[in-house]
Amino acid sequence: METDAWMIYGAYGYTGKLVVEEALARGHRPLLAGRDPERLEAVAAAFGLPFRVLDLRDANALTGALLGRRLVLHCAGPFSRTSAPMVEACLRAGVHYVDITGEIPVFEAIFARDEEARRRRVALLPGAGFDVVPSDCLARYVADRCPGATSLEFFIDAGSSTSAGTARSMLEAVPEGGRVRRGGRLVPFPLGQGGRTVRFAHGERRTLPIPWGDLATAYRSTGIPDITTYMAAPPGAESALKLLGGLLQKALASERIRAAFDRIAADLARPPDAAQRRSGRTGFYARAADGSGHVAEAWLETPEAYALTAMSTVRIVERLLAGAYAGALTPSLAFGADFVLEIPGTRRRDAL
């Protein structure tokens, strides 16, 4: 792949650096970019790659930096704050856009630009990492095996600690509260309610409904009108959310309080180290039903979440650069339900 064919924005974050390592391992030499000159220069020097300091608030400089390139992989969250200017610049410059968001409003905003992206022959593909490659591909898989499905339930056991960037993105979503999709529409759902005990490949876990990105992406990929997404919860989380979820939601609606929590989250974040990324596993279970007794279900096991993100994002970049893609896409719409199986260490099962 020619040097500078694509750019990684946010290359000095925890996930960004993992993506850079994976890109180099697969023979790429992307341009690195970000707004912090010292951190960016340090990462570029460590990997021997070119870099460019860019502030997302400078629309002209951002668009100019994209001219002559073919794709941007956007790794700088929270994406609710950062994605819009980069998407706009990519559309103006005719450059493909890929990110690693899991934020529902970001997915919805990008999907709304599908027609424009098709007209400009630009691919917009948000959610190219752990959010939401495995879940989107598994949702598409069970939906294809249950034609006419009206409900989709999706369960995740991440089993991983989080980076500061992930923690910040999670805090951004709390004021919106719980969400489910019913009748094709996103509707509120009380935090801590609706817990389910389900069987993953590695055993049973208690799970709680959460507003996962598949409420947007799986709906776009499958058209199933009723979707609920669940995450395995630690002991005590269910009762704590039932008791305090509403108060936490109201408190974090304050920008000042959210900023304080953001600083605390950044200080407490302990992302997985190299050994944990190598040994960690994540589990998924999806169930589609058509309301008349026809059910399709499947299980998926993948590498640790951050390791998977590095592998999946670079493979998506390669696919987009090698093909003719346009429009606002999900991973499974672009590459099919089996795309996730290209990630080393991934296994899908139809029964346990």
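Is it the case that residue 88 is surrounded by fewer than 24 Cβ atoms within 10 Å (Cβ to Cβ), in the same structural domain as residue 310 (by TED's automatic domain parsing) and farther than 21 Å from residue 306 by Cβ? In short, yes. Considering (1) crowded, with 17+ Cβ neighbours inside 10 Å; (2) assigned to a loop (DSSP other than H, G, I, E, B), the lone condition that residue 62 does not fulfil carries the number (2).
Please verify whether residue 169 is modelled with pLDDT under 85, of a type in the set (Ser, Thr, Tyr) and not in a strand (DSSP E or B), treating the condition exactly as stated.
On the way: modelled with pLDDT under 85: yes; of a type in the set (Ser, Thr, Tyr): yes; not in a strand (DSSP E or B): yes.
Judged against the criteria, residue 169 is a match.
Given the criteria surrounded by fewer than 18 Cβ atoms within 10 Å (Cβ to Cβ), modelled with pLDDT of 95 or more and more than 17 Å from residue 227 (Cβ to Cβ), does residue 119 qualify?
On the way: surrounded by fewer than 18 Cβ atoms within 10 Å (Cβ to Cβ): yes; modelled with pLDDT of 95 or more: yes; more than 17 Å from residue 227 (Cβ to Cβ): yes.
So residue 119 passes the test.
What are the residues in the range 177-204 that are of a type in the set (A, V, I, L, M, F, W, C) and either part of a strand (DSSP E or B) or under 22 Å from the mean Cα position of the chain (by Cα) (or both), if any? Steps first, answer last, please.
As a first pass, look at the range 177-204 and keep what is of a type in the set (A, V, I, L, M, F, W, C): 180, 186-187, 189, 191, 198, 200-201.
Of everything in the range 177-204, those that are of a type in the set (A, V, I, L, M, F, W, C) and either part of a strand (DSSP E or B) or under 22 Å from the mean Cα position of the chain (by Cα) (or both) turn out to be 180, 186, 187, 189, 191, 198, 200.
Taken over the range 67-103, the residue count meeting the criterion of being assigned to a loop (DSSP other than H, G, I, E, B) and among the charged types (D, E, K, R) is 3. Scanning the range 104-120 for residues that are among the small types (Gly, Ala, Ser) and assigned to a loop (DSSP other than H, G, I, E, B) yields one hit, 112. Looking only at the range 22-59, which residues are part of a loop (DSSP other than H, G, I, E, B) and either free of Cβ contacts under 8 Å to residues at least 12 places away in the same chain or within 19 Å of residue 309 (Cα to Cα) (or both)? Within the range 22-59, 26, 27, 28, 29, 30, 48, 58 qualify.
Residues being surrounded by fewer than 24 Cβ atoms within 10 Å (Cβ to Cβ), in contact with a Gly (Cβ under 6 Å, 6 or more places away or on another chain) and under 19 Å from residue 316 (Cβ atoms) are entirely absent from the range 126-142. Only a single criterion out of (1) surrounded by fewer than 20 Cβ atoms within 10 Å (Cβ to Cβ); (2) within 30 Å of residue 112 (Cα to Cα); (3) small (Gly, Ala, Ser); (4) at pLDDT 95 or above is not satisfied by residue 46, namely (2).
Of all residues in the range 184-209, those that are without any contact (Cβ under 8 Å) to a residue 12 or more places away in the chain and farther than 19 Å from residue 236 by Cα have Cβ atoms under 7 Å from Cβ atoms of residues that are assigned to a strand (DSSP E or B) and among the β-branched types (Val, Ile, Thr), 6 or more apart or on another chain, in 187/180.
Hey, does the range 121-138 have a residue that's hydroxyl-bearing (Ser, Thr, Tyr) and part of a strand (DSSP E or B)?
no
One residue stands out among those in the range 149-161 that are modelled with pLDDT under 95 and part of a loop (DSSP other than H, G, I, E, B): the one that is surrounded by the fewest Cβ atoms within 10 Å (Cβ to Cβ), which is 158.
Taking the range 291-310 as the region of interest, how many residues are of a type in the set (A, V, I, L, M) and buried (at least 24 other Cβ atoms within 10 Å of the Cβ)?
Of the range 291-310, the ones of a type in the set (A, V, I, L, M) are 295-296, 298, 300, 305, 307-308, 310.
Right, trim to buried (at least 24 other Cβ atoms within 10 Å of the Cβ) and you get 305, 307-308, 310.
Number of matching residues: 4.
Of all residues in the range 311-338, those satisfying the criterion of being hydrophobic (A, V, I, L, M, F, W, C) and crowded, with 21+ Cβ neighbours inside 10 Å are 311, 314, 316, 317, 320, 328, 329, 335, 337. Within the range 57-84, the set of residues being over 24 Å from residue 312 (Cβ atoms) and not β-branched (Val, Ile, Thr) comprises 57, 58, 59, 60, 61, 62, 64, 65, 67, 68.
The values are calculated or read from the model by the stated rules, or taken from the named source; none is laboratory data. On a predicted model such as this, the values are computed, not experimentally measured, just so you know. No Cβ is skipped: glycine too gets one built from the backbone with ideal geometry, and neighbour counts run over all protein chains shown.
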